[in-house]
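Data first, discussion second: the structure below is written as structure tokens.
The values are calculated or read from the model by the stated rules, or taken from the named source; none is laboratory data. On a predicted model such as this, the values are computed, not experimentally measured, just so you know. Neighbour counts run over all protein chains shown; Cβ positions are idealised from the backbone, glycine included. The protein model used for the area step is the full one, side chains on, heavy atoms only, and it has no ligands, DNA or RNA in it. Shrake-Rupley method; radii C 1.70, N 1.55, O 1.52, S 1.80 Å.
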Amino acid sequence: MVLAIGFEGSANKLGVGIVRDGQIIANCRRTYITPPGQGFLPRETAEHHQQKVHEVLKEALDQSGITPDQIDVICYTKGPGMGAPLMVCAIVARTLSLMWKKPLLGINHCIGHIEMGRLITNAYNPTVLYVSGGNTQIIAYDRRRYRIFGETIDIAVGNCLDRFARVLKLSNEPSPGYNIEQAAKRGKKYLPLPYCVKGMDVSFSGILSLMETKIDELLKTYTPDDLCYSLQETVFAMLVEITERAMAHCGSDEVLIVGGVGCNVRLQEMMGVMCKERDARVFATDERFCIDNGVMIAWAGALAYSSGTRMDFSESYITQRYRTDDVEVTWRD
Amino acid sequence: MDESEPQLLKQGAEARVYICKYLGRDTVIKERFQKKYRHPDLDVEIVKERIRNEARSILRCKFANIRTPALYLVDFERRKIYMEYLATNITVKDFIAKHGTANEHFEKIAKTIGETLRKLHDNNIVHGDLTTSNMLLIPKLQAGAEQIDPAWLAKGHVELVMIDFGLSYTDASIEDKGVDLYVLERALLSTHSNYEDLFAIILKAYVVSNPKGNANETIKRFEEVRARGRKRTMVG
């Protein structure tokens with residue numbers, strides 16, 4: 001019986017979530033949205049989180065109907081992520097820990113995504129494709145670690161999509177990736193783009209520089225919709241291919257897609273076709289759980305806390321670089 | 001007909017592998033079947049490129065005296081490539097899984113891997129998918145012997161064969177070579193995480209195996225590629 005509250009703010013989403021024994025009783029979020037053509041910068045993002053954190057926390061407590069004294073553990077994102085926004089949530093969590101006299105636990109953001117996905121979909125031991133603005137990794141569990149089998153060797157797939165949206169000046173509302181997905185549905189003409197798979201690793205920077213440098217020329221023959229379509233078809237094919245390689249390598253018959261890009265329906269569809277061909281199953285979640293949220297931090301924290309993980313107040317720092325395979329998974333066999 | 005009915009040997013992630021008799025020889029057919037999840041134009045382009053890469057690198061390896069399956073036939077229309085079938089073999093992955101790294105031949109095998117990679121790179125061939133599943137050990141016939149010695153593995157009479165050149169290319173830059181080593185290191189870390197010294201032995205053999213050439217630049221680039229990976233901030 002663990003009741004955990006989680007604070008997430010590693011990028012432009014601020015989330016507070018509350019979990020009681022695997023039941024989600026609050027999942028509240030605000031997103032810092034920048035004008036078209038602009039990305040989010042650390043200082044402005046941190047200011048956004050500072051301004052919103054009180055109202056989001058209050059909303060989460062109201063939604064769950066609990067009082068602070070019922071909480072067992074306060075969890076926050078320790079990393080990876082942008083320093084300044086991470087720090088906002090860490091400070092809030094530390095303050096509450098002292099005010100409410102509750103234990104504190106710092107959580108790896110990537111582990112949060114994986115455990116959230118497993119909770120929602122009931123996938124048992126999946127090969128995990130973790131795709132977001134900052135991460136692109138193929139992960140499988142082996143002997144107490146989530147091991148990284150493949151990853152991007154330069155930029156993350158979500159970063160490639162976001163920056164391409166900026167090239168086209170697409171809106172960042174509700175998210176650049178969502179707007180690319182909608183535009184891609186109207187695209188018809190396929191433009192061949194660099195396809196770069198190295199073993200189980202991928203590279204996206206070549207595609208992005210091609211788009212950035214040639215955009216004016218490309219727009220003479222292709223519509224923005226065509227370009228969104230071609231971009232999605234190419235980068236998702238690369239992701240599905242390395243996922244299949246990892247599955248063959250590990251002998252796995254389940255795939256779980258997590259992270260913000262994971263709610264893209266076209267990616268889920270392509271993954272489904274691949275899985276059908278090899279009698280495997282694909283698991284994915286929608287934007288409530290795929291996109292960064294507080295619940296994932298609360299749930300991963302609840303798992304770690306139940307299996308005996310503790311953190312001293314003096315260790316409650318943040319780190320921008322915190323790899324998925326750095327965490328010892330104490331809650332799985 | 002000089003081709004017997006092919007038998008499916010295994011279905012991998014991107015190809016079906018059959019065995020058959022072709023012109024009287026035991027032959028492997030690797031068919032890169034259509035992937036329905038990807039755009040048909042992209043699919044055709046990828047398959048053509050990979051068949052081309054595989055054939056080209058096998059030929060280049062032959063000139064460089066690196067053992068690979070011999071190439072028999074390339075059929076772009078049917079997406080097939082015909083190669084020598086090596087009936088008696090064990091992948092390096094299975095060898096390590098079965099015999100561990102404490103056995104007497106392990107170090108020699110690891111060294112051979114390093115030397116072979118160096119030979120590949122010195123000939124500007126980059127494999128592109130270096131894993132222990134893509135390295136085979138086959139019996140090495142001893143002088144005067146006609147038959148395979150059943151105890152070939154225990155005696156360490158092995159030869160290293162590189163396979164799966166679909167992601168390879170033959171005009172490799174320093175960066176490509178660095179990435180090639182990085183891909184191998186990552187594959188070893190995830191597959192053989194309990195044998196930490198494996199990559200170190202391979203890399204050492206890679207460096208010293210050709211005293212005339214210079215691997216410093218490649219090693220330097222490899223370290224840069226690795227640093228890029230580890231230092232990535234992974235925001236969001």
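Residues of segment A:269-324 that are touching an Asp or Glu at 6+ places or on another chain (Cβ under 7 Å), at pLDDT 95 or above and not in a helix (DSSP H, G or I): A:A280, A:R281, A:F283, A:D292, A:N293. Scanning segment B:153-175 for residues that are open to solvent by less than 30 Å² (accessible area, probe 1.4 Å) and either at pLDDT 90 or above or away from every other protein chain (no Cβ under 14 Å) (or both) yields B:G156, B:V158, B:L160, B:V161, B:M162, B:F165, B:G166, B:L167, B:S168, B:T170.
Listed residues B:D75, B:D41, B:D26; which is surrounded by fewer than 17 Cβ atoms within 10 Å (Cβ to Cβ) and within 14 Å of chain A (Cβ to nearest Cβ)? After applying the criteria, what remains is B:D41.
Over 25 Å from the mean Cα position of the chain (by Cα), surrounded by fewer than 20 Cβ atoms within 10 Å (Cβ to Cβ), modelled with pLDDT of 95 or more and not in a helix (DSSP H, G or I): does that describe A:Y190? Steps first, answer last, please.
Values: over 25 Å from the mean Cα position of the chain (by Cα): yes; surrounded by fewer than 20 Cβ atoms within 10 Å (Cβ to Cβ): yes; modelled with pLDDT of 95 or more: yes; not in a helix (DSSP H, G or I): yes.
Criteria met by A:Y190.
Scanning segment A:219-236 for residues that are open to solvent by less than 20 Å² (accessible area, probe 1.4 Å) and either free of Cβ contacts under 8 Å to residues at least 40 places away in the same chain or in contact with a strand residue (DSSP E or B) (Cβ under 9 Å, 6 or more places away or on another chain) (or both), we see that the one that is nearest to the other protein chains (Cβ to nearest Cβ) is A:F236.
How about segment B:109-130: which of its residues are under 14 Å from B:V208 (Cα atoms), open to solvent by less than 10 Å² (accessible area, probe 1.4 Å) and away from every other protein chain (no Cβ under 14 Å)? Break it down into steps so the answer makes sense when it comes.
Of the residues in segment B:109-130, the ones under 14 Å from B:V208 (Cα atoms) are B:110-119, B:121-122.
Right, trim to open to solvent by less than 10 Å² (accessible area, probe 1.4 Å) and you get B:110, B:113-114, B:117-118, B:121.
Passing the criteria: B:A110, B:I113, B:G114, B:R118, B:H121.
Among the residues of segment A:6-18, is any in the same structural domain as A:Q320 (by TED's automatic domain parsing) and open to solvent by 50 Å² or more (accessible area, probe 1.4 Å)? Checking segment A:6-18: not a single residue is in the same structural domain as A:Q320 (by TED's automatic domain parsing) and open to solvent by 50 Å² or more (accessible area, probe 1.4 Å).
This table checks each residue for (1) at pLDDT 95 or above; (2) buried (at least 23 other Cβ atoms within 10 Å of the Cβ); (3) assigned by TED's automatic domain parsing to the domain that holds A:S175; (4) not in a strand (DSSP E or B).
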residue	(1), (2), (3), (4)
A:T77	yes, yes, no, no
A:P85	yes, yes, no, yes
A:V88	yes, yes, no, yes
A:S97	yes, no, no, yes
A:K102	yes, no, no, yes
A:L119	yes, no, no, yes
A:G133	no, yes, yes, yes
A:R147	no, no, yes, no
